[in-house]
Number of protein chains: 2
Amino acid sequence: MKLKNDTFLRACRREEVERTPVWIMRQAGRYLPDYMKVRRDHSFQEVCKTPELAAEVTIQPVEKIGVDAAILFADILTPAEGMGIDLAFSPGPVIAQPVRDRKGVEALRIPDPRESVPYVLDAIRLVRERLDGRVPLIGFAGAPFTMAAYLVEGKSKHGFPGIRSMLYRDPETADLLLGKIADMTAAYLAAQIEAGAQAVQLFESWAGLLAGREFERFALPHVKRIMEAIAPLGAPRIYYAGGGGALLHLLSDCGADVIGVDWRVPLGEAWKRIGQDMAIQGNLDPCALFSPADRLEAEVRTVLDGVAGRWGHIFNLGHGIQPDTPWENARLLVETVHKLSRWGVR
Amino acid sequence: MKLKNDTFLRACRREEVERTPVWIMRQAGRYLPDYMKVRRDHSFQEVCKTPELAAEVTIQPVEKIGVDAAILFADILTPAEGMGIDLAFSPGPVIAQPVRDRKGVEALRIPDPRESVPYVLDAIRLVRERLDGRVPLIGFAGAPFTMAAYLVEGKSKHGFPGIRSMLYRDPETADLLLGKIADMTAAYLAAQIEAGAQAVQLFESWAGLLAGREFERFALPHVKRIMEAIAPLGAPRIYYAGGGGALLHLLSDCGADVIGVDWRVPLGEAWKRIGQDMAIQGNLDPCALFSPADRLEAEVRTVLDGVAGRWGHIFNLGHGIQPDTPWENARLLVETVHKLSRWGVR
């Protein structure tokens, strides 16, 4: 089936587009009244695990905000349960028995995603059916270092000292953990693509915790292995490196087609440092969505001007949208990006 | 009174030293059994507000770990109470009524530190007396943007969206808030120096939340104003920029004598980007203190080698020491820095 709006996929391939595609990290989420309505009757995990509900909230921002791509509703820790992790949300992730030592790592399984997360794959099929070619669907997973940060810490904690200490205290165990997560993730993303995801994003939300030397040693090789494993499936692959401003020069080698950058480095400068044979995604400060309308337009223009004249830009925030963002401003953002980037018209 | 060990102060002035001085951010704290013994009977705030107790825990790491400088025990939010903020710790800071709007900012007072924090100044006098010239004492304060992040959020929260949204939503109110904190802080640090602090550090723990443009607009001018206000007092001034790897080129203009850098950028590279007419402090990854002894020595050597042959380096961690660090490793760190940096001997 031909897509009605394939600007996102074309931008991933650095092809010409009539206007810059835009989607928003965490676009299916708490800032949207429609999402909150679903959450009134269902917990976060219920929504993740019920294909009907996951599909509903995945599609909401396409209809309400007008984004150029949908992204599957799930958590980066969703596939960890299949590895043997006892996971709850309250509201952030809470792992009953964090993975702290060799024994804990050895006990982790590498599940078949068709058995461990059938609901994710069903949700993808349902979303594709209901989107009916309006926009493409993005699948996703957490990158191994970021996943490991949660598995070792057991929750979100500033600086994630657990995994970072392990890199010094017991690097062999860290290697084993990261390798197992990478194997799981490669299979998980492949299954998502086979179920219908038309692109995938690997979230390295905590890239910024690592110095370049540790990033090259513990994060990058696993990312590269995942990217290479799914390359034959042909879906564009995005690597988002949160806080990775000091690591950009290392990213050209990560195997992705697109690099997602956060808001802390001007986008044009980031693209030069990454290398312009990759596409780029980003990078409005999520807090800019609290601006008055004229200021928001100026901020969007600054991002677009930073990369104008070069194909291969997907507009996004530099980080997930804040839950207290006025949803009308998210819609205004999408309209403004489309208005200011009518490249065919200029 | 002449200091018995003034290597820290000489390094701040980029003078020759016989060995590299070292201290540890949060060296008076939970990793030390002696500190935990005091905390068994006294809350965090009691220790901050009782000169006798604050002096005791300030001196502990000098005696137990062998650091080349003491740093006053207090919290960066300690002086906020004098501005009218209702502050508690449980265990992180909790502000009953966060500063969210113009009215809240206008209500903030700029107190005379002799009236608002007499216990801090008494603690400084007591520490100086008890140190009896063994090592110098460092005073400190939070930098305005970092302080504002807490005052607006009311607690520690990932990304501190409150202050960052305010920069877009209402930059005039943000300016007023930052200006008031800067005025308070200049007076607070001046009072600390007058009471006996022989150097001061301004903690910009959350520098890394800002893009360069916002850092230059909202953080840097206030830092510079504080640094200039206390310059006539002659005590070396350190500016620590946590997460500031992408901002280093902007720091040469901040008015400090020394820049403290975190662990995410190699120290030699950081020094070049900042400019070598300033001294530098840092930057071992705090998690390296979980290494086996031989690995720790290698890590210390890497930091020292990065800046060898140039005067003006103060060894430190790149961030506060983790509470679960084995205290013996902190002592081993100090011994190793001293052993590997016998510049007079080489």
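The values are calculated or read from the model by the stated rules, or taken from the named source; none is laboratory data. Note that this is a predicted model, so its numbers are computed, not measured. Cβ placement follows ideal geometry from the backbone for every residue including glycine, while neighbour counts extend to all protein chains displayed.
Assorted remarks:
- Among the residues of the range B:296-318, just one is loosely packed, with under 15 Cβ neighbours inside 10 Å, within 14 Å of chain A (Cβ to nearest Cβ) and small (Gly, Ala, Ser), namely B:298.
- Within the span defined as the range B:143-150, one or more residues are modelled with pLDDT of 95 or more, hydroxyl-bearing (Ser, Thr, Tyr), assigned to a helix (DSSP H, G or I) and closer than 28 Å to residue B:280 by Cβ.
- Scanning the range A:295-310 for residues that are in a helix (DSSP H, G or I) and either touching a helix residue (DSSP H, G or I) at 6+ places or on another chain (Cβ under 7 Å) or of a type outside the set (Val, Ile, Thr) (or both) turns up A:295, A:296, A:297, A:298, A:299, A:300, A:301, A:303, A:304, A:305, A:306, A:307.
- Here residue A:321 fulfils each of the conditions (1) surrounded by fewer than 19 Cβ atoms within 10 Å (Cβ to Cβ); (2) part of a loop (DSSP other than H, G, I, E, B); (3) out of contact with any Asp or Glu (no Cβ under 8 Å at 6 or more places or on another chain) apart from (1).
- Count of the range B:269-290 residues which are away from every other protein chain (no Cβ under 13 Å) and either touching a Gly at 6+ places or on another chain (Cβ under 7 Å) or on the phi < 0 side of the Ramachandran plot (or both): 9
A quick yes/no check of all residues on (1) modelled with pLDDT under 95; (2) farther than 30 Å from residue B:62 by Cβ; (3) within 14 Å of chain A (Cβ to nearest Cβ):
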| site | (1), (2), (3) |
| --- | --- |
| B:94 | no, yes, no |
| B:101 | no, yes, yes |
| B:129 | no, no, no |
| B:136 | no, no, no |
| B:153 | no, yes, yes |
| B:160 | no, yes, yes |
| B:189 | no, no, no |
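- Test for residue A:255: is it at pLDDT below 95, more than 14 Å from every other protein chain (Cβ to nearest Cβ), touching a helix residue (DSSP H, G or I) at 6+ places or on another chain (Cβ under 6 Å) and under 23 Å from residue A:21 (Cα atoms): no
- Among the residues of the range B:126-172, just one is small (Gly, Ala, Ser), closer than 20 Å to residue B:236 by Cβ and either surrounded by fewer than 22 Cβ atoms within 10 Å (Cβ to Cβ) or touching a Cys at 6+ places or on another chain (Cβ under 9 Å) (or both), namely B:133.
- Residue among A:246, A:241 that is among the small types (Gly, Ala, Ser), in contact with a strand residue (DSSP E or B) (Cβ under 7 Å, 6 or more places away or on another chain), under 23 Å from residue A:171 (Cβ atoms) and within 14 Å of chain B (Cβ to nearest Cβ): A:241
- Condition check for residue B:293: crowded, with 22+ Cβ neighbours inside 10 Å and within 14 Å of chain A (Cβ to nearest Cβ): no
- So residue A:20, is it farther than 16 Å from residue A:124 by Cβ and among the hydroxyl-bearing types (Ser, Thr, Tyr): yes
- Flag for residue A:341 being hydroxyl-bearing (Ser, Thr, Tyr), over 18 Å from residue B:167 (Cα atoms) and over 23 Å from the mean Cα position of the chain (by Cα): yes
- Where helices (runs of 4 or more DSSP H) fall wholly inside the range A:1-77, the ranges with 3 or more residues that are of a type outside the set (Asp, Glu) and closer than 17 Å to residue A:201 by Cβ are A:7-12, A:51-64.
- Given (1) surrounded by fewer than 23 Cβ atoms within 10 Å (Cβ to Cβ); (2) farther than 23 Å from residue A:284 by Cα; (3) in contact with a Pro (Cβ under 9 Å, 6 or more places away or on another chain), index of the condition residue A:9 fails: (2)
- Checking residue A:215 against (1) more than 14 Å from chain B (Cβ to nearest Cβ); (2) surrounded by 21 or more Cβ atoms within 10 Å (Cβ to Cβ); (3) of a type outside the set (A, V, I, L, M); (4) closer than 25 Å to residue B:287 by Cα, the condition it does not meet: (1)
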